[in-house]
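Please read the structure below before turning to the comments.
The values are calculated or read from the model by the stated rules, or taken from the named source; none is laboratory data. Keep in mind that what you see is a predicted model, and the values were worked out from it rather than measured. Note: ideal-geometry Cβ built from the backbone for every residue, glycine included; neighbour counts use all protein chains shown.
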Amino acid sequence: MTDTPPAAGEGSPGPDKGYAPGTGPGTDPGSGSGPDKGLDARLVVHRGSFHLDVALTAAPGDVVALLGPNGAGKTTALRALAGLTPLSDGGRLRLDGAALDRTPTESRPVGVVFQDYLLFPHLSALDNVAFGPRCQGVPKAEARAQAAAWLDRMGLADHAGAKPRRLSGGQAQRVALARALATRPRLLLLDEPLAALDARTRLEVRAQLRRHLADFEAVAVLVTHDPLDAMVLADRLVVVEHGRVVQEGTPSDIARHPRTDYIAQLVGLNLYRGQAEGHIVRLDAGPEITTTEDLGGPVFVAFPPSAVTLHRDRPTGSSARNLWQCRVGGLETHGDQIRADLTGELPLAADLTTVAAAELDLRPGAPVWATVKAAQTHAYPA
């Protein structure tokens with residue numbers, strides 16, 4: 001990507017005001033959530049053997065997160081929205097009712113926060129933020145006054161004169177966000193905005209970014225591979241695999257009803273597909289699973305690794321309706337627990353404490369029995 005932040009839109013934020021409805025950055029007088037407001041896009045890009053075809057719609061004030069594995073097409077979609085990658089035949093991009101397909105990048109009302117922030121190293125934080133308004137023709141003094149207001153809003157008034165090398169990762173991220181917002185964009189794009197931060201800084205900056213996005217009156221699209229970033233920051237998730245949308249919905253809906261192995265791993269669930277006949281689900285590849293739901297036809301069955309209980313010998317007297325003979329494929333630390341990767345009759349992941357793993361003498365190749373209570377499974381239509 002270019003190191004020149006896209007500059008667009010006209011006007012400036014008030015010097016010290018919050019983002020009151022209809023008056024904050026990213027808004028124009030009379031803007032709202034009418035039928036021609038917001039984002040309406042079909043991002044079609046053909047590049048060699050890779051084909052992207054992703055539909056995106058969002059109303060002003062929406063925060064949409066694009067999630068997906070490496071190579072899924074997330075960055076390509078973001079570049080297409082920014083105008084850095086041209087759309088192929090069949091693609092369209094409309095923002096607030098205006099077609100942007102052929103609009104040059106620098107003329108689009110789009111702000112971008114890049115993964116590595118790409119702040120100009122020779123400019124102070126103040127002049128980095130003032131850069132966008134200056135590109136829009138705002139006089140230097142006024143642009144710097146606007147930038148000072150943005151830095152104050154970001155809690156960085158004391159760092160206005162600092163060069164990027166003197167800023168911490170969290171401070172640089174907020175300067176980059178202020179630089180993007182200073183152009184009053186109608187579409188804000190964030191490319192892995194927290195990826196460059198350490199774990200402690202990430203926690204703090206994530207909370208700050210959530211507050212700023214909640215106040216943003218236009219559309220924001222976030223690209224991330226981190227499920228926690230997506231769950232905390234976004235109103236809606238769009239999951240992309242192999243250039244196509246495989247699932248979209250609210251964070252809670254996707255967390256409860258994953259529809260692909262990637263999503264299940266993302267939210268930490270064991271996921272299977274099969275045919276339901278009442279409370280019994282016959283898996284497409286594997287044994288049966290007993291559930292509490294009474295369903296018929298194609299279904300998904302999911303349960304968390306914490307629902308799995310392991311035994312070295314076949315349990316007797318267990319109330320669990322589901323019992324499978326497995327073998328330990330691998331062990332790894334997962335937070336404050338041990339995650340066991342199990343193979344055999346039913347491949348699955350199981351979480352247990354370090355003490356339990358030691359008592360069971362778990363090691364790769366060891367035979368185990370796995371049980372899951374029907375009440376801890378969740379079945380839903382495929």
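Looking for whichever is within 23 Å of His212 (Cα to Cα) and either assigned to a loop (DSSP other than H, G, I, E, B) or of a type outside the set (S, T, N, Q) (or both) here; the options are Ala172, Ala141, Ala80. Which one fits?
One residue alone meets the criteria, Ala172.
Looking only at residues that are assigned to a strand (DSSP E or B) and in contact with a Leu (Cβ under 8 Å, 6 or more places away or on another chain) in segment 93-138, which one is nearest to Lys37 (Cα to Cα)?
Residues of segment 93-138 assigned to a strand (DSSP E or B): 93-95, 98-99, 110-113.
Still in the list and also in contact with a Leu (Cβ under 8 Å, 6 or more places away or on another chain): 93-95, 99, 110-113.
On the way: Leu93: 13, Arg94: 9, Leu95: 7, Ala99: 12, Val110: 15, Gly111: 17, Val112: 20, Val113: 22 Å.
Checked segment 93-138; the qualifying residue nearest to Lys37 (Cα to Cα) is Leu95.
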Practice prompt. Please find, within segment 181-201, the residue that is farthest from the chain's Cα centre (by Cα) out of those that are of a type in the set (A, V, I, L, M) and part of a helix (DSSP H, G or I).
Written response: Leu181
Discussion item. Which count do you get for residues in segment 285-317 that are closer than 19 Å to Arg259 by Cα and under 30 Å from the mean Cα position of the chain (by Cα)?
Written reply: 8
Worksheet item: Is it the case that Gly71 is assigned to a loop (DSSP other than H, G, I, E, B) and closer than 22 Å to Asp229 by Cα?
Response: yes
Practice prompt. Go through segment 253-272 and give me each residue that's surrounded by fewer than 16 Cβ atoms within 10 Å (Cβ to Cβ) and touching a residue at least 24 places away in the same chain (Cβ under 8 Å).
Written response: Arg256
Item to complete: Would you please list the contacts, defined by Cβ atoms under 6 Å and residues six or more apart or on different chains, that run from a residue in segment 82-99 that is in contact (Cβ under 8 Å) with a residue 24 or more places away in the chain and in the same structural domain as Val113 (by TED's automatic domain parsing) to a residue that is part of a strand (DSSP E or B) and among the basic types (Lys, Arg)?
Response: Gly91/Arg42; Arg92/Arg42
